[in-house]
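Undergrad: The structure follows.
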Amino acid sequence: MQKRFLLFVPAMLWTIFIYWLLTMPASDIPSWPFLAAIDFDKWVHCGLFALLVFLFSFPLKKKYPRYVFLYLFIAIAAWGYGIGLEFVKKYFTSYRTFDVYYMITDGIGC
């Protein structure tokens, strides 16, 4: 049981990292004009949440290889986390902005 729990530690740490990254002041994040031109921040959101789903799904793949609904639940829960973070940015930070397109991008990543 303890070994199985340890397999989820990277996913839990990644969840905390995403929270920290998405709620830190935008002025602390370097910006370059060429990255803004290709909407690099949306690509980052997509990658962050794709890795989140992978890290939560990977420990389950041997025991539950055919449980599609389990993996779908993980993806939906991760997307819900991304949507929740957008509302955290809207209501609990004064230095980050709410953006529906980030929610869509998080869902694509999931």
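The values are calculated or read from the model by the stated rules, or taken from the named source; none is laboratory data. These numbers come from a predicted model, not from an experiment. Here the Cβ is made from the backbone with ideal geometry for all residues, glycine too, and neighbour counts use every protein chain on show. Surface areas here come from the heavy atoms of the whole protein model, side chains and all, with no ligands, DNA or RNA. Shrake-Rupley method; radii C 1.70, N 1.55, O 1.52, S 1.80 Å.
Undergrad: From the residues W14, P65, A50, which one has its Cα farthest along the dipole of the chain in the positive direction, the dipole being from +1 and -1 charges on Cβ of Lys/Arg and Asp/Glu about the Cα centre?
TA: P65
Undergrad: Using a 1.4 Å probe on the protein chains only, how many percent of the accessible area of region 49-110 belongs to carbon and sulfur?
TA: Taking all protein chains in place, region 49-110 shows 72 percent carbon and sulfur surface.
Undergrad: Sticking with this structure for a sec: In square angstrom, what is the accessible area per residue of the chain with a 1.4 angstrom probe?
TA: Spelled out: the 1.4 Å probe surface of the chain, per residue, equals 70 Å².
Undergrad: Could you report the accessible area of D39 in Å², rounded to 10, computed with a 1.4 Å probe on the protein chains as they sit in the structure?
TA: Counting only protein heavy atoms, D39 exposes about 80 Å² to solvent.
Undergrad: Once the Cβ-Cβ distance between A50 and D99 is put in as r, and R0 is 22 Å, what FRET efficiency do you end up with, to the nearest 0.05?
TA: Plugging the Cβ-Cβ distance into 1/(1 + (r/R0)^6) gives 0.75.
Undergrad: Okay, moving on. So what is the relative contact order for the chain, in percent, with contacts set as C-alpha pairs under 8 Å and at least six apart? Don't skip to the end; give the middle numbers.
TA: Numbers: 85 pairs, mean separation 41.7, N = 110.
Normalised by residue count, the contact order of the chain is 38 percent.
Undergrad: Spin-label point model (7 Å from Cα, Cβ direction): what's the F87 to V68 distance in nm?
TA: Inter-label distance under the simple model: 3.0 nm.
Undergrad: Another question, if that's okay. Each residue of region 70-86 in order: what ³J(HN,Hα) in whole Hz does its phi give by Karplus 6.51 cos²θ - 1.76 cosθ + 1.60, θ = phi - 60°, with x for Gly and Pro?
TA: Each residue's phi maps through the Karplus curve to give 5, 6, 5, 4, 4, 5, 5, 5, 5, 5, x, 4, x, 5, x, 5, 5 Hz.
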